[in-house]
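To keep things clear, I will list the structure first and then write my remarks on it.
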Amino acid sequence: MITSRLLWSPLVFRWAPLLLVFVLGSTSTLGAQSLPTLDAAPLYQQLQNSSILEKSVHLENVVLQRDRVNITFTNGTVYFAPLVAGKIRSAVFIGSGTFQASPPPVAFERDNVRRLLKADDVSTDFTTAVLRFTDDTGNELLRSGFLQGGAVSGQAAHLAADLAPRLLKETGMNISARQLESILNQETPGVFLVQLDGGKRGRFTYLFDPQSRIPVNCFEINAGEKGLIFAYDETIFSNDVWMAFHATGDYAAGVAPYSDSYNLVDTEKYTLTLDLLEPKKVLGLTANLDLISRVDGLRLISFAAGEGLSIYDDERRKKQLHLLAAHLSDGATLTFFQEPWEGGFSIVLPKTAAASQKLSVSLDLKGDFMMESSIMEGTYFPRSTETWYPRHGYLSRARFDVSMIHRKKDHVVSIGELVKEGPAPGTKDSVLTEFRMEQPVPIASFAVGPYEIHKDIAKEEGGKQLPIEFYSMPGNRAAIKEDFILAEMNNSVRFFSKLFGEYPYPLFRGVYHPFNFGQGLPTTIMIPGTDRADYRTYSFIAHETSHQWWGDMVLWRSYRDQWLSEGFAEYSGMLYVQRRDKTHSEKELIERARYELKMPPTTLTGIGHGRLVDMGPLVIGHRVEGRETRGAYSALIYEKGALVLRMMHFLFTNPQTGDGQPFFDLMSDFVKRYKDSTASTEQFFDVANEHVKSTPLAQRYGYKDLAWFYRQWVTETYLPSYELSYHIEGDSGGGAILKGELSQTGLPESEDWFMPLPLVAHFRGGQIARATVAVHGVHTPLNIKLPEPPEKVELDPELWILSEKTSTVKR
């Protein structure tokens, strides 16, 4: 195995010492000791039968420490289930105890705890604790107590039996399968989970998963966090994650592996065959996966599937894809485990696989996974466009070959190139259509319906011709202006090719998507009937088109970096509108975005406190959205993400000439470096730091990198206001002097905030002069020589710099 020695990034060390540097690499999670090949099925059944309790001990003031969490069993009895694979794996405590967990040394984690719990840490009492683990917890508790006899508590047995079904429903987590994975793969250290109840915090769960599998599969937390404290909220059919954290050793070292460092396999290629003959009723899927083992001693592989289905209306239980059979390429039948409500399944290899060993696995699945549009009868889509096929890890890149068997009256579409369409073998009334994606991409999806295909050609620089397609509805079903949509797709893909680098795929396709949102998949964008000629439509189509670069070609590294996709795409839409619509400039989109940030969040009971921009920094990602902060994800990741990138555009622009080409040089260089890969926020700023040194503003104000900008706008939540207060004095040479003060408010006194802002002076005859002024601290005096007295002076009239309010006052 390859491991990496990880060091602090100078950028993060200087300005964000409480953020971790996340690293690439492969980290072995399997123990080196060789064990006999264990029979998986009986072990799984024993783990499932955790309510069978056989012995108990009395505990007094016993402290169990698991990473940054201390669980004190003050007084009570712990009951143990029988040994599984030679060790205790589950227990139930009844009595009195306390739980304490301090947030990690990261500002937004501390803020998250305060927002959700109105407290500085997670501290509570409890009366019951149900534990599942593969570490040495059982022996620790057994050694710490006094063995006692007597009948096993019926309450304890009930608590033990209730845990796994509850976790399955509320999170999609199969804790027995996770334990089995840890046992068969000899993970070191083992996994630990406890659910506590009976105290002031009610029921909640603490998980420490050293291989980050449950955080990724059940919570989409994939930045390497191993510890989660969460509670299910039945009013929103979801979980509040009170705290997420890396191991204490990671914080001490200042480095942490990303979650995919613990992936057990890489998927080289998916060969997917879909049965869509009855899309209203069922999706049949045969998935052949070409895998490569990343570790030695691999026995069990967990896959996510359908985890995107909701708890509401029992959707995940009723509509999930069920695994019917699993085989290796040599025909060997594989043992597998999947429970109702589970967001995936696990397969067991007949013998251990070695690192770099290739495996070909065939999986047969079936379920009511299709969704018919309520406004366009006969069009069908997977209920969850991103989770309909089995995946190990988070958005890992693979090649795709997608074949669909469907009715003659339907057309189907997926990503990639159409390579085959004709009668399905052995049938008269069905069609086989095949799409192939030879470039490794992170995601695939599909659609079924009475589509009609409309085509165009985009003529790129150098004479290259790019085929463009739009899968529309027949005219008798919907009046859609296909020529308009094709033209906008044509214009926007050529526009972004010039700005960000050559379009990377062999064709560009749009698919009518009769919902109130779009989606940008590799080669294929899903869009509604967006054919109204206004700036909102231009922005929308451009946003989805730009995802070919932001999200498809360059994928966000973890959930903390998703603004690199959505924020970048949102700003790309603004850039396109500026070029496309002369009557409505991008300024209207900017004003709308700024307005959204200043709106209060919504809660379950009405309007919340504060502003959406205050709810968290960009790097908190989707975790900012919760019962107290509805609307925050969209406002931050889309709107603030776009405006932060726009401020960088300003920093790279020559204020005298208005030349912003250095910004686009940065963006195209970023794409070139991370094409067909992932990139983090830190990696983006690494590229930006290389480019910024030669910009006029950096040379004028003396900064050599953007560490200050990263700290202020990416890791913090402040929204300052700027005011220029000035008066004009004459000078002896016939010119004028602008004297005054530039101030910034809305920041704590401890913040050493620096920001350049554009200044525009208007003179007689319509003449304009452009310059920049920089504020450092609360007040900065100004003394600017002008050729003549100006008629008007404006501070940032084009709204380059994000603010609560920007104003100019002449004294």
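The values are calculated or read from the model by the stated rules, or taken from the named source; none is laboratory data. None of these values were measured; they are calculated from a predicted model. Note: ideal-geometry Cβ built from the backbone for every residue, glycine included; neighbour counts use all protein chains shown. What goes into the accessible areas is simple: the full protein's heavy atoms, side chains included, and nothing from ligands, DNA or RNA. Shrake-Rupley method; radii C 1.70, N 1.55, O 1.52, S 1.80 Å.
Points worth noting:
- Just one of the listed residues (391, 316) is surrounded by 19 or more Cβ atoms within 10 Å (Cβ to Cβ) and touching a Ser or Thr at 6+ places or on another chain (Cβ under 7 Å), and it is 316.
- Applying the criterion of being open to solvent by 60 Å² or more (accessible area, probe 1.4 Å) and more than 43 Å from the chain's Cα centre (by Cα) to the residues of the range 782-811, the residue that is modelled with the lowest pLDDT is 811.
- Note on the range 423-450: residues that are in a strand (DSSP E or B), open to solvent by 20 Å² or more (accessible area, probe 1.4 Å) and more than 18 Å from residue 286 (Cβ to Cβ) total 4.
- When 24, 11 are checked against the criterion of being modelled with pLDDT under 95, open to solvent by 20 Å² or more (accessible area, probe 1.4 Å) and touching a Phe, Trp or Tyr at 6+ places or on another chain (Cβ under 9 Å), 24 stands alone in meeting it.
- Only strands (runs of 3 or more DSSP E) whose full extent lies in the range 187-287 are considered here, and the ones with at least 2 residues that are closer than 29 Å to residue 679 by Cβ and of a type in the set (Val, Ile, Thr) are 265-276.
- Condition met for residue 405 (open to solvent by 30 Å² or more (accessible area, probe 1.4 Å) and among the aliphatic types (A, V, I, L, M)): yes
- Residue within the range 614-631 that is open to solvent by 10 Å² or more (accessible area, probe 1.4 Å) and within 18 Å of residue 572 (Cα to Cα) present: no
- Filter result (among the hydroxyl-bearing types (Ser, Thr, Tyr) and more than 29 Å from residue 317 (Cα to Cα)) within the range 349-370: 352, 356
- Subset of the range 200-217 (residues that are of a type in the set (S, T, N, Q) and either free of Cβ contacts under 8 Å to residues at least 60 places away in the same chain or closer than 18 Å to residue 137 by Cβ (or both)): 205, 211, 212
- Residue list for the range 326-381, filter: touching a helix residue (DSSP H, G or I) at 6+ places or on another chain (Cβ under 9 Å), open to solvent by less than 60 Å² (accessible area, probe 1.4 Å), farther than 17 Å from residue 281 by Cβ and not in a strand (DSSP E or B): 338, 339, 341, 342, 343
- When the range 563-598 is filtered for residues that are polar (S, T, N, Q) and open to solvent by 30 Å² or more (accessible area, probe 1.4 Å), the ones remaining, listed by number, are 578, 583, 585.
- Positions within the range 76-122 being part of a loop (DSSP other than H, G, I, E, B), open to solvent by less than 20 Å² (accessible area, probe 1.4 Å) and under 30 Å from residue 153 (Cα atoms), in sequence order: 81, 88, 89
- Taking (1) at pLDDT below 95; (2) more than 27 Å from residue 481 (Cβ to Cβ); (3) open to solvent by 10 Å² or more (accessible area, probe 1.4 Å) in turn, residue 601 satisfies each apart from (3).
- Condition met for residue 515 (within 27 Å of residue 416 (Cβ to Cβ), open to solvent by 20 Å² or more (accessible area, probe 1.4 Å) and not in a loop (DSSP other than H, G, I, E, B)): no
- All of 220, 307 fail the test of being touching a residue at least 40 places away in the same chain (Cβ under 8 Å), out of contact with any strand residue (DSSP E or B) (no Cβ under 8 Å at 6 or more places or on another chain) and buried (at least 17 other Cβ atoms within 10 Å of the Cβ), apart from 220.
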